[in-house]
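One structure is given below, encoded as structure tokens.
Taken together, the values in this text are just the output of simple stated rules run on the coordinates, not laboratory data. Predicted, not measured: the structure shown is a model, and the values here were computed from it. Here the Cβ positions follow ideal geometry from the backbone for every residue, glycine too, while neighbour counts run over all protein chains shown.
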Amino acid sequence: MRRAVEDYDMIQDGDRIAVGCSGGKDSTLMLLALHRLSKFYPQKFTVVGITIDPGSGMDFSPLKELCEKEGIEYIIKKTQIYDIVFNVTKQTNPCSLCARMRRGALNDEAKAAGCNKIALGHHNDDVLETFMLNLIHEGRIGCFQPVTYLSRIDLTVFRPMVYIEEREVKSSVRRTEIPIITNPCPADGYTQREEMKTLLKNMDTEYKGFKVRLFGALKRSGIDGWGEKDTIGEVNDDE
């Protein structure tokens, strides 16, 4: 994670970073890793864990207890996102609207907490799956950026886990016994992203090292801020 932070200049001295915490393995591990990195990293920064409660009945007390144990500031923002997505608008494709609403709520809460940056827990597999989703379903070559500046709300979003594979996340969470909160969402596990996960796994089995080469091609292409440091951080208000 530190290598990604330094490769893309993700953290500067004095940053107050909001960590979006869903309760899942990725964001919880990232919260702990960033907090512990802050103890010795040359650039001094602080982290704040922020959970956007969608109103689906999830119990975030294990995450709250973990933050208290580690000395991490933690905020829970209760919302009605679940009810709006599934009962009011009755979305046939709920994931897109839910993600936009949660992201907007996280941005607002980060600003209210005095943060200038937001860290999101997308790992290497998320990068590749997003790339393939864009290619197959939209006919375009692209991905989310490792670092994005949101000019309308004056926040910088970054993803410090983009070099870490999902299997490494699972292994670390299992070894350190980090508490993970199960998502009760009825759409969880039945998405186009899961299809891309299976496709990439099959391709990597058939062509050994395919995922590594695909990520290398993305970095060498320089698209969407994946190139050298002077090409990243461009304004993207569609984040």
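May I ask you to compute the full-extension gain from Arg174 to Asn134, defined as 0.36 nm times their residue separation minus their alpha-carbon distance, rounded to one decimal in nm?
Gain on stretching Arg174 to Asn134: 11.2 nm.
For an R0 of 22 angstrom, estimate the FRET efficiency from the Cβ-Cβ distance between Gln80 and Ala113 and round to the nearest 0.05. Write down the numbers at each step before the final one.
Values: r = 21 Å, r/R0 = 0.94.
Step by step, r from the Cβ atoms, then E = 0.60.
What order, most packed first, do the peptides 27-34, 49-56 have when packing is the mean number of other Cβ atoms within 10 Å of each residue?
Working: 27-34: 23.6, 49-56: 21.1.
Highest-to-lowest ranking by the protection proxy: 27-34, 49-56.
Under a Cβ-only charge scheme (Lys and Arg +1, Asp and Glu -1), can you give me the dipole magnitude of the range 22-122 about the Cα centre, in debye to the nearest 20?
Working: 14 positive and 10 negative charges, 66 e Å.
Result for the range 22-122 is approximately 320 debye, rounded to the nearest 20.
Looking at the chain, what % of its DSSP beta bridges pair antiparallel, to the nearest 5?
Details: 4 of 23 bridges.
Expressed as a percentage, antiparallel bridges in the chain total about 15.
Viscosity 1.306 mPa s, temperature 10 °C: Stokes-Einstein D of the range 79-137 from its Kirkwood Cα radius, in µm² per second?
117
What residues qualify as long-range amide H neighbours of Val147, i.e. H under 5 Å apart, gap of 5 or more or another chain, H built at 1.01 Å from N?
For Val147, the qualifying residues are Gly233.
Going by a ≥ b ≥ c, the root eigenvalues of the Cα gyration tensor, does the chain fall in the rounded group (a/c under 1.5), the prolate group (a/b larger than b/c) or the oblate group? Working shown, then result.
Working: a/c = 1.33, a/b = 1.09, b/c = 1.22.
Rounded is the answer for the chain, as its axis ratio a/c remains below 1.5.
Determine, for each peptide in 81-87, 205-211, 128-134, the mean count of other beta carbons within 10 angstrom over its residues, then list the peptides with the highest first.
Result, highest mean first: 128-134, 81-87, 205-211.
Would you mind giving the three semi-axes, in whole Å and largest first, of the ellipsoid equivalent to the range 2-84 according to its Cα gyration tensor?
26, 14, 11
If we sort 66-73, 105-112, 155-162 on the protection proxy, mean other Cβ atoms within 10 Å, highest first, what's the order? Let's see the in-between values first.
Working: 66-73: 14.4, 105-112: 18.5, 155-162: 23.8.
Going from most to least packed, we get 155-162, 105-112, 66-73.
Work from the charge dipole of the range 72-129 (Cβ charges, +1 for Lys and Arg, -1 for Asp and Glu, about the Cα centre) and give the residue of Ser96, Phe86, Ile72 farthest towards its positive end.
Toward the positive end, the furthest listed residue is Phe86.
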